[in-house]
Amino acid sequence: MNTSAPRRIVVGVAGGIAAYKACHLVRSLTEGGDSVRVVPTPASLRFVGEATWEALSGQPVSTTVFEAVDEVQHVHIGQQADAIVIAPATADLLARLAAGRADDLLSATVLVATCPIILAPAMHTEMWQNPATQANVATLRQRGLIVLEPAHGRLTGRDSGPGRLPEPEQIAELTRSVLAGVSLRRDWEGRSLLVTAGGTQENLDPVRFLGNRSSGRQGWALAEIAVQRGAAVTLVAADTEDLPVPPGAELIRARSAREMHEAVSSRAASQDAIIMAAAVADLRPARVAEAKMKKGRDDDALSTIELVENPDILRGLVEMREAGRLRPGVRIAGFAAETGDSSHSAVELAELKLRRKGCDVLMCNEVGVDKVFGQPTNGGVALIRRPEGECPERRTIAQGSKQVVAAELLDIIAEQFRCQM
Ligand code: CTP
């Protein structure tokens, strides 16, 4: 049980159809142990009424500065908040905030607050792409507010495009990450990043495959944080848990190691950084049976499976770089899932792997049946390659959510970009 005092989160709701999704956001935050005060704009009450917010948050709801005037709410709510998250943030609200207006309780609260402020825009694509909205977003970001990238997908009508509210759980997770100290500054703006995620599956016959325990969550977290830091992200995913597409990322499915190899190699030349977070099968069955394999047959196919090696995608990327086939200055990172053995610790094995693979950064985590794979947290030691002959730098990454770990790795790679400038 969480015994620390609940954090005070203000959930602002502006007047858009996505207001109903904020109900799930409030639920997710309160279930996580946070205290939530909902501040809807007057227009948003036409979509979701006060009673819903009061019931979900267990707190009173006001929309204008003229309610409970004796409590000076327009100052107190903002002053006491640990974070403000506004979902949906409409084009109109972004314009009012950029202009510094205080014409309702929500905009006044934002003006008073010194805590992190996260805005999750939701509107039609044309409104989002309109230069007026983009200028407001740029102004707000420049003032230190976090304006999330919207998701791509189905909008209110039949149309589809960027402008959709990210899933409530994604907004809640990003809010938790910001509260845990993750910075969503736009230092990856103008950079492209390819991330792989999940565990590859290698077919054996029409019903069986060889796979592994990877959930894809670490790759997902890297994509989610990188998009919000401004990167153009391609996420190449093998088998994963059922996770919503990270808002703003391009998702490409590649089931087997060879499919992933093809998907990564064909896109590698246009990347500034590539992170191999996928658990790629080293070996695959030499033959894929056309019919279901049976036990007790003459050739006893099920008890003896011949395996052949898969391409090493990470090593292949380093070779492409050595051959001048990738962008100059491209950064290549991998993960090393290690258990350690009788003669080497997990980190020592990872150092050997860093040398073997030739990548720039290798994140070493110790794995076990209930460690890392499928778990919400991660941690370990990031090994950073140094000039030939020198030992790699070891940077400890404390156990934290996979988004917190993702942010630290993206910091390390961003540092390397800065060094080469
Ligand atoms: N990797 C890869 N292609 C493979 C196997 C692994 O690109 N065929 C990448 C993984 O995505 C990871 C890194 O290499 O970023 C290390 O993966 P790991 O499985 O720990 O290393 P292996 O090379 O498979 O070494 P071993 O299993 O023998 O420890």
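Could you list, in sequence order, the residues of segment 343-364 that are part of a helix (DSSP H, G or I) and more than 10 Å from the ligand (Cβ to nearest atom)?
As a first pass, look at segment 343-364 and keep what is part of a helix (DSSP H, G or I): 346-357.
Result: 346, 347, 348, 351, 355.
Only one residue in 251, 243 is more than 16 Å from the ligand (Cβ to nearest atom), in the same structural domain as residue 204 (by TED's automatic domain parsing), part of a strand (DSSP E or B) and free of Cβ contacts under 8 Å to residues at least 60 places away in the same chain, so which one is that?
On the way: 243 fails: part of a strand (DSSP E or B).
Answer to the selection: 251.
In the set 394, 355, which member is more than 21 Å from the chain's Cα centre (by Cα) and without any contact (Cβ under 8 Å) to a residue 40 or more places away in the chain?
Unique residue meeting the criteria: 355.
Hey, can you tell me all the residues within segment 115-149 that are part of a loop (DSSP other than H, G, I, E, B) and either over 27 Å from residue 180 (Cα atoms) or at pLDDT below 95 (or both)? Outline the logic, then answer.
Filtering segment 115-149 for residues part of a loop (DSSP other than H, G, I, E, B) gives 115-116, 122-124, 130, 143-145, 148-149.
Passing the criteria: 123, 124, 130.
Answer with yes or no whether residue 333 is of a type outside the set (Val, Ile, Thr) and free of Cβ contacts under 8 Å to residues at least 60 places away in the same chain. Quick ask: steps written out before the conclusion?
On the way: of a type outside the set (Val, Ile, Thr): yes; free of Cβ contacts under 8 Å to residues at least 60 places away in the same chain: no.
Judged against the criteria, residue 333 is not a match.
Checking residue 314 against (1) among the aliphatic types (A, V, I, L, M); (2) at pLDDT below 95; (3) in contact with a helix residue (DSSP H, G or I) (Cβ under 8 Å, 6 or more places away or on another chain), only one condition comes out false. Which one?
Only one criterion in (1) among the aliphatic types (A, V, I, L, M); (2) at pLDDT below 95; (3) in contact with a helix residue (DSSP H, G or I) (Cβ under 8 Å, 6 or more places away or on another chain) is unmet by residue 314, namely (2).
Somewhere in segment 52-69, is a residue in a loop (DSSP other than H, G, I, E, B), surrounded by 13 or more Cβ atoms within 10 Å (Cβ to Cβ), touching a His at 6+ places or on another chain (Cβ under 7 Å) and of a type in the set (Val, Ile, Thr)?
So far as segment 52-69 goes, yes, one or more of its residues are in a loop (DSSP other than H, G, I, E, B), surrounded by 13 or more Cβ atoms within 10 Å (Cβ to Cβ), touching a His at 6+ places or on another chain (Cβ under 7 Å) and of a type in the set (Val, Ile, Thr).
Which residue out of 96, 101, 154 is in the same structural domain as residue 75 (by TED's automatic domain parsing), of a type in the set (D, E, K, R), farther than 23 Å from residue 223 by Cβ and surrounded by fewer than 18 Cβ atoms within 10 Å (Cβ to Cβ)? Let's see the steps before the verdict.
On the way: 96 fails: surrounded by fewer than 18 Cβ atoms within 10 Å (Cβ to Cβ); 154 fails: farther than 23 Å from residue 223 by Cβ.
Being in the same structural domain as residue 75 (by TED's automatic domain parsing), of a type in the set (D, E, K, R), farther than 23 Å from residue 223 by Cβ and surrounded by fewer than 18 Cβ atoms within 10 Å (Cβ to Cβ) holds for just one of 96, 101, 154, which is 101.
Which one of the conditions (1) buried (at least 24 other Cβ atoms within 10 Å of the Cβ); (2) within 15 Å of the ligand (Cβ to nearest atom) does residue 228 fail to meet, given that it meets all the rest?
(2)
Of the residues 48, 75, 110, which single one is touching a Phe, Trp or Tyr at 6+ places or on another chain (Cβ under 8 Å) and touching a residue at least 12 places away in the same chain (Cβ under 8 Å)? Break it down stepwise before answering.
Numbers: 75 fails: touching a Phe, Trp or Tyr at 6+ places or on another chain (Cβ under 8 Å); 110 fails: touching a Phe, Trp or Tyr at 6+ places or on another chain (Cβ under 8 Å).
Matching residue, one of 48, 75, 110: 48.
The values are calculated or read from the model by the stated rules, or taken from the named source; none is laboratory data. Predicted, not measured: the structure shown is a model, and the values here were computed from it. In this analysis, Cβ positions are derived from the backbone assuming ideal geometry, glycine residues included, and neighbour counts consider all displayed protein chains.
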